[in-house]
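What follows draws every value from the coordinates through simple rules; no lab data is involved. Source: prediction; values computed, not measured. Positions of Cβ are generated from backbone atoms using ideal geometry, with glycine treated the same way; all protein chains shown enter the neighbour counts.
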Amino acid sequence: MLFMKHVLYGLLLVFLSTLLAKAQSPHLPYNADYHHLIDRMEIRQGRWAEGFHSSTKPYTRQAVVQLTDSVLANLDYRLSSADRFNLAYLRNDSWEWVMPRTDSIPSDNAIIRNMQYGTMSPGDSRRPFLKVFYKKKADFYSVQTPEFDLHVNPVINLSFDLDSSDPERTSTYANTRGVEVRGTIGKKLGFYSYFADNQVFYPKYVREYAQLYGKPDLSDANGFAPGEGFTKRFPAGGGIGADFISARGSFNFNLLKIINVQFGHDRNFFGNGFRSMFLSDNASPYLFLKLTTRFGKHIQYTNLFTELQNVELTSNEQLIPNKYSTMHHLSVNIGKHVNVGIFESIVYSRDRLEIGYMNPLILYRFVESYRGSADNSFAGLDAKANFLKHFMAYGQIMFDEFRINDLLNNGGSWTNKYAVQLGLKYIDAFGVPNLDLQGEYNLARPYMYAHLGGQTNYTHYNQPLAHPLGGNFKEAIGIARYQYNKLFLTGIFRVAEYGADPPGRNYGSNITKNYETRFRTDGNFIGQGRTTITTFVDARASYMLRHNFFIEGRYAYRLQSSQFRPLEYTNQFASIGIRWNYAYRNLLF
């Protein structure tokens, strides 16, 4: 059956590849800091981007450059020095999709002149190294011909942390070295590949998180890294660090002009917030096929077919069992200021793909009922609105086996499983250029995202696909960002309340547990179990020394309070480091 599944994939891709039609760029890897710059432009323009719907991430490089074109052509868009820097940064980062001049941009635009259109081509470096490397500001090595485009860059992340509050280890560090490659073939087939070797020592709270969502400790070789798959302990023989390989890769092309096809091994994200209650970047990369269909600039329909792994019941000698998820998201722009979306997802366990769920134009809940299966189905709504060219309000609600009668009875039934997100972004707050504020509130009812076991719960490689806390929690997040040209300051304050499980009981927080082992049927509430409150303060300063090369300093404070006193402790650590073509990951649990 496994062989037949891959034959099906192969036949499908061969069929699609015969229909290549239109120029196509690779997708940008998901990067929260990078995507915030794009959000700023949408909000400041007071209208949605024409080349993509920002609720579905990541975007193509070509679409981002099209957004910067619209900003440059908008004479009402007043740019600060940091805005001008960001425009140049985004365009240099995807220089292969920048035209030296477009009719939509005034020829006397001073910003265009500052971006070196004229004697130099877009993205050109003034001082190439050995006349071979860094001919372009953004690329260590690049080649461009009419039929082939290639970009190669090193990936480095080195950081060192001091944590005097951790009795097991007073210092932690990260050591990542790798390479990323992207390009196009004939400007019709885009591709992206990332490979890195990592050794990381995590602070205590991450090691505790591993006890919930790490791979079961079947041998001393197993380690844990948030957002990653297979890991080994580091150093070998019982260490508390993680040694792992990170690998992502995909290719994409346009089909029938309005349909973009992407196939690969990576993460996806649905939403506009710091978190997502639909699908986030919390879990490790997975195999997927994504179809994105755009009907003009107002409607975008996304179909995502994924192959996930369940590591709960495997030993080191066994092949990790597969499970599958199919998702679709319909996004509609209502005018310039409002966007609404409908989301549906189903997780199922088979020895092969369920052909019925591959139909992109049907409700999955109907297919599940028609088949008489007990798959895990979800439905959700999302919306956002921009106003006054400074604000964007957004929200999501996700339902899992929701029953309206049980909700109206107000008896705290375990079947009332839903998750909610509400948020607000305030750009150039209080008239201060490039001071951006964000507030967000998230909650999930007990047993949300859980199911009968690892083959159907909403996890991949044992880690939640949506919110990292799983279920049974409330969370408030405040974020402040300030940029002064190459200097980026980010502060995050976060407080969360959740109900941890005492030994032998299931109060609905850990979504890897079978919900049939629930502690009670009625009378459930958020925070039940061992009430735990975590407070997190995170301050980070980053300076871009050269394109995508950051020098960083960070201070973080985390306080955990619990009804069970032995679980109370404080983490306080400071770190310094460098990042080169590496996306910063916030580990706020």
Checklist entry - For segment 487-578, which chymotrypsin sites (Phe, Trp or Tyr not before Pro) are in a loop by DSSP, counting at most 14 other Cβ atoms within 10 Å? => result Phe525, Phe564
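Could you put Thr517, Thr534 in order, starting from the residue whose Cβ has the fewest other Cβ atoms within 10 Å?
Taking fewest neighbouring Cβ atoms as first place, the list is Thr517, Thr534.
Just flag the chymotrypsin sites (Phe, Trp or Tyr not before Pro) in segment 247-276 sitting in loop per DSSP whose Cβ has no more than 11 other Cβ atoms within 10 Å.
On the way: sites: Phe251, Phe253, Phe263, Phe269, Phe270, Phe274; in loops: Phe274.
Counting only loop positions with at most 11 other Cβ atoms within 10 Å, none of the chymotrypsin sites (Phe, Trp or Tyr not before Pro) in segment 247-276 qualifies.
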Checklist entry - How many nm separate the modelled label positions at Glu168 and Thr517, each set 7 Å beyond the Cα in the direction of the Cβ? => result 2.2
Checklist entry - Mind checking which aspartates and glutamates have their C-alpha under 15 Å from Lys187, skipping anything on the same chain fewer than 8 residues away? => result Glu96, Glu147, Asp149
Checklist entry - Taking Cα centroids, how far is segment 177-201 from segment 60-88 in Å? => result 26
Item to check | DSSP-loop trypsin sites (Lys or Arg not before Pro) across segment 238-293, with at most 11 other Cβ within 10 angstrom | outcome: Lys257
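Between Ile342 and Tyr77, what FRET efficiency follows from the Cβ-Cβ distance if R0 is 35 Å, with the result rounded to 0.05? All intermediate terms of the calculation are to be shown ahead of the outcome.
Working: r = 32 Å, r/R0 = 0.90.
Rounded to the nearest 0.05, the efficiency is 0.65.
Report the calculated FRET efficiency for Glu50 and Ile533 (r = Cβ-Cβ distance, R0 = 51 Å), to the nearest 0.05. Intermediate results must be reported in sequence, preceding the final value.
Values: r = 44 Å, r/R0 = 0.86.
For Glu50 and Ile533, the calculated efficiency is 0.70.
About its Cα centre, what dipole magnitude does the chain give when the only charges are +1 on Lys and Arg Cβ and -1 on Asp and Glu Cβ, stated in debye to the nearest 20? The partial results should precede the final answer.
Values: 63 positive and 51 negative charges, 238 e Å.
Around 1140 debye, computed over the chain.
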Checklist entry - Relative to the longest principal axis of the chain, what angle (0 to 90°, nearest 10) does the C-alpha long axis of helix 61-73 take? => result 60
Checklist entry - Too long at a 27 Å Cα-Cα cut-off: which of Lys384/Lys417; Lys336/Lys417; Lys204/Lys513? => result Lys336/Lys417
Item to check | Inter-centroid distance (Cα atoms) of segment 416-468 relative to segment 477-541, Å | outcome: 10
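Just the C-alpha atoms of the chain: what Rg/Rh do they give, with Rh taken as the Kirkwood radius?
On the way: Rg = 23.7 Å, Rh = 25.0 Å.
With Rh from the inverse mean 1/r over Cα pairs, Rg/Rh is 0.95.
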Checklist outcome for this item: Taking GluC sites (Glu not before Pro) as exposed when in a DSSP loop with at most 11 other Cβ atoms inside 10 Å, the chain has its longest clean stretch at 318-589
Checklist outcome for this item: To the nearest 0.05, the calculated FRET efficiency linking Leu487 and Leu158 through their beta-carbon distance, R0 being 25 Å, is 0.80
Checklist entry - Going 7 Å from the Cα of Thr145 in the Cα-to-Cβ direction, what parts of segment 175-195 have a backbone nitrogen less than 14 Å from that spot? => result 184-187
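Suppose we keep just the DSSP beta bridges with both residues in segment 178-296; what percent of those would be antiparallel, to 5?
Details: 41 of 41 bridges.
The answer is about 100 percent antiparallel.
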